[in-house]
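Please treat every number below as a calculation from the coordinates, not as lab data. Because the structure is predicted, anything quoted here is derived from the model rather than measured. Neighbour counts are summed over all protein chains in view; Cβ atoms, including those assigned to glycine, are modelled from backbone coordinates with ideal geometry.
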C-alpha cells in the first residue's frame with residue numbers, strides 16, 4: 001500500500017511522480033556531533049547539506065519522513081523577494097534595509113536554481129508567475145508595484161497586465177489585471193526534498209527519519225536533544241520544524257501558527273486547453289490566497305482552501321473543484337485525481353521568524369507561504385552562522401515579529417475569527 005503521511009491528509013500528486021523516495025533509518029543510540037538539526041524539510045536538509053560540505057559533523061532527525069510537512073506538499077511557487085512587497089518593507093524599515101532584504105531573497109532564488117543544477121536535481125522548473133487582482137480597486141497597486149520594482153529595486157522582470165492580457169494569459173475572465181514576473185517560476189517540491197537529502201547524505205550528514213525530538217536542553221555550552229531511542233549531544237542546534245513544532249519549544253510556538261492549506265490535482269487538461277497557455281504559476285490578491293499552476297504533464301494544480309488551526313476538511317476534492325469552477329466554469333466537472341493538504345507556518349506580519357530561542361539553539365520558520373525559495377536559503381545562512389558569519393542571517397533575525405495574541409489557550413480561536421473576517425472581506 002502506498003505510504004501515507006501520518007501528519008498530513010491525502011496522498012499528493014508529488015509523491016506519486018517524484019520517483020524513488022529513499023528511506024533513512026531511525027536513530028538508535030546516542031550520538032555526539034557539532035550541530036544537531038530537528039526537522040527534515042527544506043530548511044533542515046539544506047542546512048545539513050551546507051554544514052556537511054564544510055566539514056561539520058551534523059546529525060539531522062525527522063519525526064516522520066523527509067518532506068511529510070510543508071516542504072513536500074506545497075504549491076511549488078518560488079515568488080520574488082520576501083512575502084511582503086519590497087515597497088511595504090521600505091515603508092516599515094527604510095529603503096536600505098528593504099533593498100537588502102529584497103537582494104537576499106533574489107540571491108535565494110539564484111542559489112536554489114544553481115544548487116539543483118550543480119547537484120543534478122531535476123525539480124521540473126517552469127518559468128513565469130502571474131499575480132492577479134480579484135477586485136478592480138487593487139489594479140492600480142499592481143501597476144505601481146511593477147513600476148517600483150524596476151525603478152527602485154532594479155528588478156526589470158515584472159510587467160503590468162491589463163484586464164485583457166490577464167484574461168488571455170489565465171484563460172479566465174475572473175480577474176481584473178495584475179503583473180507578470182518572468183524572473184521566477186515554479187517547481188516540483190518533493191523532487192527537491194529527495195534530491196537535497198541525497199546530497200546531504202553524500203556529503204556526510206547523518207540523516208534519521210522516524211525520530212521525533214522529545215525535548216531540548218541547553219546547558220553549559222552543550223545542547224542535548226532527546227529522542228525515544230537515544231540522545232544527540234551537540235555544540236549547536238537548529239530547530240527547523242516550522243508549523244509542526246507542537247509543544248517542542250515555546251518561543252517558536254508563540255510566534256509561528258500552523259495554517260492548513262489544501263491542493264487538488266486534475267487529470268491532464270490536454271495541449272489544446274486555454275488554461276494558462278504560457279505555463280506560468282498564479283497567485284491572487286485574496287487574503288486567503290488562491291494559487292494554481294500547470295504541471296509539466298498538463299494538470300491543473302490548484303490550492304485555495306485554508307483552514308486555521310488543526311481541523312482538516314472532510315473532502316478536499318469538493319472544495320477545490322468548487323473554487324476551480326469559479327475561475328474556469330468549463331472545468332466544473334473535471335476529474336481530480338489527487339487531493340492533499342498540510343500545514344504551513346505563518347507569523348502575525350507574514351514575515352519569517354528566526355531567533356536564538358535558547359543558548360546555541362536557533363529556530364527558523366514562519367515563511368508564511370513564501371518558503372519554497374527562502375527556507376532552502378535560510379539553511380545555507382544557518383551554515384554560514386555556524387562558520388562564524390551571522391551578518392546575513394541577522395537581517396532576518398532583526399525583523400519585528402510579535403507573538404500571536406491570546407497565549408496558547410486563546411490564540412487559535414482568535415486567529416480563526418480574525419482570518420475568517422479577512423476571508424469574508426475577500427468576497428465583498
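Any chance you could give the angle, 0 to 90 degrees and rounded to 10, that helix 42-53 forms with the longest Cα principal axis of the chain? Here the helix axis deviates by roughly 50 degrees.
What is the helix-to-structure angle for 139-151, meaning the angle in degrees between its Cα long axis and the longest Cα principal axis of the chain, kept from 0 to 90 and rounded to the nearest 10? For helix 139-151, the angle is close to 60 degrees.
You can think of it this way: the chain between residue 335 and residue 152 has 61.4 nm of extra reach, that is 0.36 nm per residue less the Cα-Cα gap. For the chain, the longest principal axis of the Cα atoms and the long axis of helix 407-426 meet at an angle of about 20 degrees. Label positions at residue 267 and residue 95, each projected 7 Å from the Cα along the C-beta direction, are separated by 5.6 nm.
Peptide packing for 170-177, 394-401, 371-378, 76-83 was compared via the average number of neighbouring C-beta atoms within 10 Å per residue; ordered from the highest value, the list is 371-378, 76-83, 170-177, 394-401. Antiparallel beta bridges, as assigned by DSSP with both residues in the chain, represent about 70 percent of the total such bridges. By other beta-carbon atoms within 10 Å, ranking 64, 3 with the fewest at the front produces 3, 64. This ranking places 53, 191, 296, 143 by how few other beta-carbon atoms lie within 10 Å of each, fewest first, which gives 296, 53, 143, 191. Entry note, the stretch 61-202: relative contact order of 33 percent, from Cα contacts under 8 Å with a spacing of 6+ residues.
For residue 274 and residue 111, what does the FRET efficiency come to when R0 = 35 Å and r is the distance between their Cβ atoms, rounded to the nearest 0.05?
The calculated FRET efficiency here is 0.50.
Packing, as the average of other Cβ atoms within 10 Å across residues, places the peptides 194-204, 38-48, 330-340 in the order 38-48, 194-204, 330-340, highest first.
In terms of other Cβ atoms within 10 Å, 50, 145, 157 run from fewest to most in the order 157, 145, 50. Working ranking of peptides 255-262, 115-122 by packing, defined as the average number of other Cβ atoms within 10 Å per residue, highest first, is 255-262, 115-122. If you plug the beta carbon distance of residue 23 and residue 233 into 1/(1 + (r/R0)^6) with R0 = 30 Å, you get a FRET efficiency near 0.70.
From the list [x] 34, 24, 21; [y] 38, 26, 21; [z] 62, 38, 27, can you say which value of semi-axes √(5λ) of the Cα gyration tensor in Å was derived from the structure given? Correct label is [x]. Compute the separation of the alpha-carbon centres of the stretch 1-38 and the stretch 44-79 and state it in Å as a whole number. What the calculation gives is 10 Å, centre to centre.
Report the relative contact order of the chain, percent, no decimals, based on alpha-carbon pairs under 8 angstrom and at least 6 residues apart. This gives 23 percent for the chain. When only Cα pairs below 8 angstrom with a gap of at least 6 residues are kept, the stretch 1-129 shows a relative contact order of 19 percent. For the pair the stretch 345-408 and the stretch 109-157, the centres of their Cα atoms are 22 angstrom apart.
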